[in-house]
Every structure is written in C-alpha cells, then in structure tokens.
Amino acid sequence: MEYADQALDAARLGRNGVHKARDLIFSEMLAQLEASGDAMRYVNSHGRIGWKATPSLRQYLTDLELDAQGDLEDI
C-alpha cells in the first residue's frame, strides 16, 4: 500500500488540478511492476484475478528493511 500511495502522490504532483483516478494509478503501477518482473497475476479462491509480489521483489524489500533497521541501530 505504501508503494501505491507514493505512486498516487507522485501522479498528483505538478498537475495543476488534473488528477488521475486512484484505480487508474493502481492499474498503471501494477502493469509496470508486472512488465519489470516484480509482480505476477494469479486467480484467487473466489475466481478473481489478484496480484502478488514476486519472490525477488519480496527479498529486495526485506533487504531494504533490514538495511534501514541497521541504520537506525547505528544512530
């Protein structure tokens, strides 16, 4: 959600009152993540299409979190 909120805020910057719908921003973000290999589609138990992070993206985010925690401990 944090990544999506950042994308939403970035889309709103510098747009002089022209705002994209939140759903459009999410769909664009998911398309970019899928194209880069960081997200994948799946069908959930209710037969609906869902999205999830690939193992490589999850590992990257875990590494970033560990680095940030290490930086906080150094302060």
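Would you order Arg41, Arg22 from fewest to most other beta-carbon atoms within 10 Å of each residue's own beta-carbon?
The fewest-first ordering by Cβ neighbours comes to Arg41, Arg22.
Please compute the length gained on full extension between Gln69 and Asp9, using 0.36 nm multiplied by the number of residues separating them and subtracting their Cα-Cα distance.
Computed gain between Gln69 and Asp9 is 19.1 nm.
Please give, to one decimal in nm, the separation of the simple spin-label points placed at Lys52 and Leu24, each 7 Å out from Cα toward the Cβ.
Inter-label distance under the simple model: 3.1 nm.
Every number here is computed from the coordinates shown, using simple stated rules; none is lab data. What you see is a predicted model; the values in this text were computed from it and never measured. In this analysis, Cβ positions are derived from the backbone assuming ideal geometry, glycine residues included, and neighbour counts consider all displayed protein chains.
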